[in-house]
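The values are calculated or read from the model by the stated rules, or taken from the named source; none is laboratory data. Bear in mind that the values here come from a model prediction, so they are computed numbers and not experimental data. Reconstructed Cβ throughout: ideal geometry from the backbone, glycine too, with neighbour counts over all protein chains shown. SASA here: full protein model, heavy atoms, side chains in, ligands and nucleic acids out. Shrake-Rupley method; radii C 1.70, N 1.55, O 1.52, S 1.80 Å.
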Amino acid sequence: MNKNVQEFLVQKIRSQYTEKESTELDALRELDEKVKRPANMFAYIFGSIAAIIMGAGMSLVMTDIGADIGVAEPMIPGIIVGIAGMFMAIVNYPIYKRILNSRRKKYADKIIALSDNIMKG
């Protein structure tokens with residue numbers, strides 16, 4: 001094995017076991033993630049639930065699953081469930097933006113101060 005390749009591999013393995021220095025840029029990235037994570041998690045979970053509910057309504061209307069679960073006329077309940085899921089999907093983005101904007105306002109001063117420190121050097 002080439003000596004340069006060997007040194008590179010040793011350094012790569014060694015870097016996994018040494019403690020990394022935390023820089024201001026790392027702190028800025030963590031703070032940015034702290035702002036965005038709750039809004040993203042809400043949007044993913046709420047949107048997935050909305051899609052499942054809308055799909056359940058569509059299944060009631062378009063298939064024979066209503067008869068299997070004991071619903072005599074599945075059209076009306078299917079439409080209602082589908083519209084409820086559609087409404088949830090529609091309001092998902094405005095709720096996401098509201099959560100994100102409130103978190104941005106909460107952490108704006110810290111992020112601006114930290115980014116000013118980084119840009120000034």
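How big is D, in µm² s⁻¹, for the chain by Stokes-Einstein at 10 °C and 1.306 mPa s if Rh is the Kirkwood radius over C-alpha pairs?
83 µm²/s
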Point to revise | Cross-link table Lys12/Lys120; Lys36/Lys97; Lys34/Lys97; Lys20/Lys106, entries beyond 22 Å C-alpha to C-alpha | key: Lys12/Lys120; Lys20/Lys106
Revision key, fill the gap. Sites removed, the longest contiguous part of the chain containing no DSSP-loop GluC sites (Glu not before Pro) with at most 15 other Cβ within 10 Å is 22-121
Review point. Once phi is turned into ³J(HN,Hα) by the Karplus curve 6.51 cos²θ - 1.76 cosθ + 1.60 with θ = phi - 60°, what whole-Hz value does each residue of the range 108-121 show in order, with x for glycine and proline?
Key: 4, 4, 5, 5, 5, 5, 5, 5, 5, 4, 5, 6, 6, x
Revision key, fill the gap. Between the Cα axis of helix 24-62 and the main Cα principal axis of the chain, the angle (0 to 90°, nearest 10) is 20 degrees
Point to revise | Accessible surface of the chain, 1.4 Å probe, proportion on carbon and sulfur as whole % | key: 62 percent
Review point. In percent, how large is the relative contact order of the chain, given Cα pairs closer than 8 Å and 6 or more residues apart?
Key: 32 percent
